[in-house]
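A.B. asks: Below is one structure. I have some questions about it.
The values are calculated or read from the model by the stated rules, or taken from the named source; none is laboratory data. From a predicted model like this one, the values you see are computed outputs, not experimental measurements. Cβ placement follows ideal geometry from the backbone for every residue including glycine, while neighbour counts extend to all protein chains displayed. Note: accessible area is taken over every heavy atom of the protein model, side chains too, but ligands, DNA and RNA are not part of it. Shrake-Rupley method; radii C 1.70, N 1.55, O 1.52, S 1.80 Å.
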Amino acid sequence: MKFNGIVRGTQATKPVCIEINGDTVYIRGDITRKSEQKDDLTEEFWEYTENILTGTEYEALRASAPHSFIPDDAWNDGLQTMMRTILYEKTDGDRAKAERNIRLGIEVEANTAKRDAIDAYCRKIELTKTAPGYPTNVPEYPEADY
């Protein structure tokens, strides 16, 4: 993993937080639209922090605990956003299954409770954005409790 620092991008649209390009994964955070006056022209650009991971590093993070190999002093908005996204994605299959079963009338009460528990877990993950010191704090992600 490499911290690329603060980057200026000239993309027409807002850059995505997680971009997979071959075996390179770009993790972006604190994405802000900025402008700068140069002579008679106004230059507009995106400014963001950027971390670069190999595909192997990214897949290891997806498969492991959130703190597997990110040093405590390396956390930033991009990495925290990436970890929240990974944790959300891990719930997708279970939530989709519960929704399908509710729609089909299969164990509606149990599947409704499971779906609601997954949604509550995702709200707990979202609350990490309001933790003291965000985004450079070492995040404490909730354990899956559904």
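A.B. asks: Between T91, T54, T85, which is in contact with a helix residue (DSSP H, G or I) (Cβ under 6 Å, 6 or more places away or on another chain) and surrounded by 13 or more Cβ atoms within 10 Å (Cβ to Cβ)? Quick ask: steps written out before the conclusion?
C.D. replies: Numbers: T54 fails: in contact with a helix residue (DSSP H, G or I) (Cβ under 6 Å, 6 or more places away or on another chain); T85 fails: in contact with a helix residue (DSSP H, G or I) (Cβ under 6 Å, 6 or more places away or on another chain).
Just a single option satisfies the conditions, and that option is T91.
A.B. asks: Could you please find all residues in the range 91-119 being aliphatic (A, V, I, L, M), part of a helix (DSSP H, G or I) and without any contact (Cβ under 8 Å) to a residue 12 or more places away in the chain?
C.D. replies: Going through the range 91-119, the residues aliphatic (A, V, I, L, M) turn out to be 96, 98, 102, 104, 106, 108, 110, 113, 117-118.
Okay, now just the ones that are also part of a helix (DSSP H, G or I), so 96, 98, 102, 104, 108, 110, 113, 117-118.
Scanning the range 91-119 gives A96, L104, V108, A110, A113.
A.B. asks: Yes or no: I70 within 12 Å of the chain's Cα centre (by Cα) and under 27 Å from K2 (Cβ atoms)? Don't jump to the end; show me each part of the working.
C.D. replies: Details: within 12 Å of the chain's Cα centre (by Cα): no; under 27 Å from K2 (Cβ atoms): yes.
Considered against the rule, which asks whether it is within 12 Å of the chain's Cα centre (by Cα) and under 27 Å from K2 (Cβ atoms), I70 comes out as no.
A.B. asks: Among the residues of the range 67-82, is any among the charged types (D, E, K, R) and surrounded by fewer than 12 Cβ atoms within 10 Å (Cβ to Cβ)?
C.D. replies: Initially, the range 67-82 is screened for residues among the charged types (D, E, K, R), giving 72-73, 77.
Among the residues that remain, those that are also surrounded by fewer than 12 Cβ atoms within 10 Å (Cβ to Cβ) are: 72-73.
Yes, because at least one residue in the range 67-82 is among the charged types (D, E, K, R) and surrounded by fewer than 12 Cβ atoms within 10 Å (Cβ to Cβ).
A.B. asks: For the list (1) open to solvent by 20 Å² or more (accessible area, probe 1.4 Å); (2) modelled with pLDDT under 90; (3) touching a strand residue (DSSP E or B) at 6+ places or on another chain (Cβ under 8 Å); (4) not in a strand (DSSP E or B), I need the number of the one condition that D30 fails.
C.D. replies: Among (1) open to solvent by 20 Å² or more (accessible area, probe 1.4 Å); (2) modelled with pLDDT under 90; (3) touching a strand residue (DSSP E or B) at 6+ places or on another chain (Cβ under 8 Å); (4) not in a strand (DSSP E or B), the lone unmet condition for D30 is (4).
A.B. asks: Would you confirm whether or not the range 40-58 contains a residue that is farther than 19 Å from P142 by Cα, assigned to a helix (DSSP H, G or I) and under 14 Å from the mean Cα position of the chain (by Cα)? I'd like the intermediate steps shown before the answer.
C.D. replies: The first filter runs over the range 40-58 and keeps only residues farther than 19 Å from P142 by Cα, leaving 40-58.
Filter once more, so that each one left must be assigned to a helix (DSSP H, G or I): 55-58.
Of the ones still in play, those that are also under 14 Å from the mean Cα position of the chain (by Cα) are 58.
The answer is yes; a qualifying residue exists.
A.B. asks: Name every residue in the range 39-51 that is open to solvent by 40 Å² or more (accessible area, probe 1.4 Å) and of a type outside the set (S, T, N, Q), in order of residue number.
C.D. replies: Looking only at the range 39-51, we keep the residues that are open to solvent by 40 Å² or more (accessible area, probe 1.4 Å), and these are 39-44, 47.
Within the range 39-51, D39, D40, L41, E43, E44, E47 meet the criteria.
A.B. asks: Quick check, is E19 farther than 19 Å from T85 by Cβ, among the charged types (D, E, K, R) and either surrounded by 11 or more Cβ atoms within 10 Å (Cβ to Cβ) or touching a strand residue (DSSP E or B) at 6+ places or on another chain (Cβ under 8 Å) (or both)? Break it down into steps so the answer makes sense when it comes.
C.D. replies: On the way: farther than 19 Å from T85 by Cβ: no; among the charged types (D, E, K, R): yes; either surrounded by 11 or more Cβ atoms within 10 Å (Cβ to Cβ) or touching a strand residue (DSSP E or B) at 6+ places or on another chain (Cβ under 8 Å) (or both): yes.
So E19 fails the test.
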